[in-house]
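Since the structure comes first, as structure tokens, the remarks are kept for the end.
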Amino acid sequence: TGVASLTGAGPAMATEGKRWTKIDVPLRETLFDISFDKNKPEHGWIVGAKGSFLETFDGGVSWKPRTFNSLDEDEDINYRFEVTSLNQDEGWIVGKPVIMLHTRDGGKQFERIPMSPKLPGEPVSIKATSPSKAEMITSQGAIYTTENGGLNWKAMVKETIDATLNRVSSSGTSGASFFSGKIINQVRDVNGNYLAIASRGNLFLTWTPGQDYWIPHNRGSSRRIQNMGFIGNDASKGLWMTLNGGALLTTGPNPDLNQVDIENLFKPAKINSGGYGIIDVCWKNEKEVYAVGGSGIIFESKDGGESFKFMPDAKDIPGNLYRVKFFGDNGWALGSDGVLLKYA
């Protein structure tokens with residue numbers, strides 16, 4: 001991810017004013033995800049390494065550590081909580097080693113959801129879609145939905161990605177024979193479409209609701225994929241992709257996710273990253289876009305992601321920024337050593 005200092009990247013590239021400011025939180029562990037309840041925007045959660053769980057009731061002005069009633073005392077420090085989703089008091093947290101926690105009352109009480117040993121892969125992400133309903137994806141690309149708070153799960157895909165690639169590798173899908181069996185950086189848009197990256201970063205896959213199988217996509221480049229996502233969290237607005245070495249590419253609107261050579265639709269954005277890895281990208285609106293990455297780098301676009309300028313707001317903060325998310329006009333960037341930045 002390019003952990004180094006941006007020597008000489010200060011005044012010459014500075015933008016007007018400082019819009020990302022550091023928020024003090026009562027821990028120094030790596031933070032991985034943040035979620036706010038859209039019906040109660042003042043209520044939010046942050047999760048991270050070594051059992052980190054922070055909660056706010058004032059829109060993120062202050063954060064307090066929380067513990068889980070469903071875990072034994074000091075047991076939570078053994079877990080790395082990576083994903084959180086909060087919607088209408090229905091909340092989910094997923095972490096490693098395999099753990100899934102669920103609440104129906106906004107976090108007052110949590111229950112631990114048992115995982116079947118027959119589950120293909122480990123739960124790696126979950127989305128609260130409505131009260132008692134959620135959608136989960138595993139490290140092997142299995143997608144399940146629940147309508148009763150995790151008591152029962154219904155499979156949405158007929159086979160794992162590994163099985164799909166074994167079936168299609170003879171047809172010439174680039175990189176299929178090197179698939180390690182796991183996916184990373186899987187992401188879901190508002191309509192239930194999915195993107196996933198092979199753990200080696202050498203190919204990516206898509207799935208749309210109603211399909212029986214994932215569709216693997218050829219790569220025309222040997223540069224590893226760092227991350228991918230949907231523009232504005234909506235596949236109809238396009239896709240974005242970052243590559244090792246700091247490249248950022250986007251597509252136009254309405255890409256056909258079933259098109260095998262969809263990578264041909266990606267065009268490079270103008271971004272002088274200096275080789276630093278771009279780890280995450282988020283569209284605040286159709287024009288404003290923010291990209292974050294190694295060594296606290298932040299880039300801003302005001303033309304919908306066609307070109308980016310360096311923002312020096314976090315250049316003095318040691319460590320990487322792993323996630324950038326917006327909830328309405330409220331933006332957040334999270335990273336290593338308990339770094340939390342708020343967009344003003």
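The values are calculated or read from the model by the stated rules, or taken from the named source; none is laboratory data. Quick caveat: nothing in here was measured; it's all calculated off a predicted structure. Because the Cβ atoms are built from the backbone with ideal geometry, glycine has one as well, and the counts that use them run over all protein chains shown. When the accessible area is computed, the model is the full protein with side chains, heavy atoms only, and any ligands, DNA or RNA have been set aside. Shrake-Rupley method; radii C 1.70, N 1.55, O 1.52, S 1.80 Å.
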**Message:** Among the residues of the range 311-329, what is the count of those that are in contact (Cβ under 8 Å) with a residue 24 or more places away in the chain and part of a loop (DSSP other than H, G, I, E, B)?
**Reply:** 6
**Message:** If I go through the range 19-64 residue by residue, how many of them are touching a Ser or Thr at 6+ places or on another chain (Cβ under 6 Å), among the aromatic types (Phe, Trp, Tyr) and not in a strand (DSSP E or B)?
**Reply:** 1
**Item:** Subset of the range 39-60 (residues that are charged (D, E, K, R), closer than 13 Å to LEU86 by Cα and either in contact with a Pro (Cβ under 7 Å, 6 or more places away or on another chain) or open to solvent by 20 Å² or more (accessible area, probe 1.4 Å) (or both))
**Value:** LYS40, GLU42
**Fill in**
All-but-one check, GLU73 against (1) more than 17 Å from VAL98 (Cα to Cα); (2) in contact with a strand residue (DSSP E or B) (Cβ under 9 Å, 6 or more places away or on another chain); (3) of a type outside the set (Lys, Arg), failing number (2)
**Item:** Near pairs, Cβ below 6 angstrom, 6+ apart or cross-chain, from the range 215-242 (touching a residue at least 12 places away in the same chain (Cβ under 8 Å)) to any residue that is among the aromatic types (Phe, Trp, Tyr) and assigned to a loop (DSSP other than H, G, I, E, B)
**Value:** MET241/PHE266
**Asked** Just checking, which of GLY229, GLY201, GLY246 is in contact with a Cys (Cβ under 9 Å, 6 or more places away or on another chain), open to solvent by less than 20 Å² (accessible area, probe 1.4 Å) and not β-branched (Val, Ile, Thr)?
**Response** GLY229
**Prompt:** Before we move on, is TRP63 at pLDDT 95 or above and open to solvent by 10 Å² or more (accessible area, probe 1.4 Å)?
**Reply:** yes
**Subset of the range 204-222 [assigned to a loop (DSSP other than H, G, I, E, B) and surrounded by fewer than 23 Cβ atoms within 10 Å (Cβ to Cβ)]** = THR208, PRO209, GLY210, GLN211, ASP212, TYR213, ASN218, ARG219, GLY220, SER221, SER222
**Prompt:** Quick one: how many residues across the range 72-122 are open to solvent by 40 Å² or more (accessible area, probe 1.4 Å), touching a Pro at 6+ places or on another chain (Cβ under 9 Å), more than 19 Å from GLY51 (Cα to Cα) and polar (S, T, N, Q)?
**Reply:** 1
**Complete:** Of LYS325, LYS302, the only residue that is within 28 Å of ARG219 (Cβ to Cβ) and out of contact with any helix residue (DSSP H, G or I) (no Cβ under 9 Å at 6 or more places or on another chain) is LYS325
**Asked** Do we find a residue being buried (at least 22 other Cβ atoms within 10 Å of the Cβ), of a type outside the set (Gly, Ala, Ser) and free of Cβ contacts under 8 Å to residues at least 24 places away in the same chain anywhere in the range 290-310?
**Response** no
**Message:** Restricting to the range 100-127, count the residues that are under 18 Å from the mean Cα position of the chain (by Cα) and not in a loop (DSSP other than H, G, I, E, B).
**Reply:** 6
**Message:** Yes or no: the range 261-274 includes at least one residue that is at positive phi, more than 21 Å from the chain's Cα centre (by Cα) and not in a strand (DSSP E or B).
**Reply:** yes
